[in-house]
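Read the figures in this text as sums done on the coordinates, not as results from a lab. Not measured: the values here are computed from a predicted model. Cβ atoms come from the backbone with ideal geometry, glycine included; neighbour counts cover every protein chain shown.
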Amino acid sequence: MPYYERNLPHWQEPGAEYFVTFRLAGTLPKELILELQNQRKAISSKFGADRKIPRVTHRLEAVFFKKYESLLDGSSYGPDWLKEEKIASIVKEAIHYRDQKEYDLYAFCIMSNHVHMVFKDLASPKSSIVKDYFPVTEMLKNLKSYTGLQANRELDRKGSFWHEESYDHMIRNDESLERIISYTINNPVKVNLVKTWREWPHTYCKPEFAKGFDE
């Protein structure tokens, strides 16, 4: 299974289901990011070579993602351009445009400074002939490049719009998929912005999944 690591590990298998999170550039102080990275490295080093086994990596990253997400949800640091209707709409339309072309879109939620997506990668012919092809990294690169350019034009600004590296997690089973979709669409509920997930204007859930979260 293709794997690479920068500040975060990335296991990406063409045709798999994924949960991804990407955030605006400058939304977290560098010292907080460095602290999280140091904590992760310290714990990961205790596992030695086992840290590159997918099930071990998933457990480790689940712990640190909760800390990372908590910081994003509670952050008053950095930009919150996604609060603006026009900017959120640029991102929303770009995500929907790629549905059934690059992925089967299950759910997404656009918050003030970050975005969650859940989808199944639609493996392209390229994925079967290119060694170490990372479909999620490639998709996010294109999505973030396009939306960043359009958002900057709308905001009349230059410079990085999105933070370069994104978080991606390969979903392992149906139980995890249900839990992750629920987590994604209920993000605004969790931070007391709305009472139900359907009230948030920048949340989407595929109809076949949505019925199960209205009960």
Exposure proxy check on Asp121, Asp99: fewest-to-most Cβ neighbours within 10 Å is Asp99, Asp121
Taking 0.36 nm per residue of separation between Arg153 and Leu34 and subtracting their Cα-Cα distance, the length gained on full extension comes to 39.7 nm
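Greater than 21 Å separation of Cα atoms is the criterion. Which listed pairs, Lys158/Lys190; Lys30/Lys92; Lys92/Lys120; Lys120/Lys144; Lys120/Lys158; Lys120/Lys206, meet it? Let's see the in-between values first.
On the way: Lys158/Lys190 33 Å; Lys30/Lys92 28 Å; Lys92/Lys120 17 Å; Lys120/Lys144 18 Å; Lys120/Lys158 33 Å; Lys120/Lys206 12 Å.
Too far apart for the 21 Å limit: Lys158/Lys190; Lys30/Lys92; Lys120/Lys158.
List the trypsin sites (Lys or Arg not before Pro) within segment 71-106 that DSSP assigns to loop and that have no more than 12 neighbouring Cβ atoms inside 10 Å. Show your work: numbers first, answer last.
Numbers: sites: Lys83, Lys86, Lys92, Arg98, Lys101; in loops: Arg98, Lys101.
Within segment 71-106, the qualifying trypsin sites (Lys or Arg not before Pro) (loop, at most 12 other Cβ atoms within 10 Å) are Lys101.
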Each label sits 7 Å from Cα toward the beta-carbon; between Asn192 and Ser160 the label points are separated, in nm, by 3.3 nm
